[in-house]
Amino acid sequence: MKVFVDRDLCYGSAECAHRAPAVFDFVDGFGVVRPGREETDGDPSVLEAVEKCPSQAISITGTPPPAPDRP
């Protein structure tokens, strides 16, 4: 899965950087994906950042990894 921040929609709340600092950063007043962290494996903090982004500027594309089998 690939994560992307649309700078046209982002208004700089920095929610993403607070929720998933290993993946997102705050640069020039906008949220950005850290270089080399564009790929995600369904990390809950990234999914939360997508869900809680107040401007809905973050998107994830691609197929999510399969859920682990549970007995």
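Nearest 0.05, what FRET efficiency do Asp28 and Met1 give at R0 = 35 Å with Cβ-Cβ as r?
Values: r = 26 Å, r/R0 = 0.74.
The computed FRET efficiency comes out at 0.85.
Per-residue surface analysis assigns Ser59 an accessible area of about 50 Å², computed on protein heavy atoms at 1.4 Å probe radius.
To the nearest whole percent, what portion of all C-alpha pairs in segment 1-44 is separated by more than 12 angstrom?
Numbers: 535 of 946 pairs.
Of all Cα-Cα distances in segment 1-44, 57 percent exceed 12 Å.
Each residue of segment 2-17 was assigned a 3J(HN,Hα) from its phi angle through the Karplus expression (A = 6.51, B = -1.76, C = 1.60, θ = phi - 60°), giving 10, 9, 9, 10, 7, 5, 6, 9, 5, 10, x, 6, 6, 4, 4, 5 Hz with x at Gly and Pro.
Students sometimes get this wrong: rank Phe24, Phe4 by accessible area, probe 1.4 Å, all chains present, largest first. Don't skip to the end; give the middle numbers.
On the way: Phe24 0, Phe4 115 Å².
Order by accessible area, largest first: Phe4, Phe24.
Amide H contacts of Gly12: Gly31, each under 5 Å away and 5 or more positions distant or on a separate chain (H built 1.01 Å from N in the peptide plane; Pro and chain starts excluded).
Given a Förster distance of 25 angstrom, what is the FRET efficiency for Ala14 paired with Glu48, based on the Cβ-Cβ distance and rounded to 0.05? All intermediate terms of the calculation are to be shown ahead of the outcome.
Values: r = 14 Å, r/R0 = 0.57.
Once the sixth-power term is evaluated, E becomes 0.95.
The values are calculated or read from the model by the stated rules, or taken from the named source; none is laboratory data. These numbers were taken from a predicted model, which means no experiment stands behind them. Every residue, glycine among them, receives a Cβ derived from its backbone with ideal geometry; neighbour counts consider all protein chains shown. Keep in mind that these areas ignore ligands, DNA and RNA; they rest on the heavy atoms of the full protein, side chains included. Shrake-Rupley method; radii C 1.70, N 1.55, O 1.52, S 1.80 Å.
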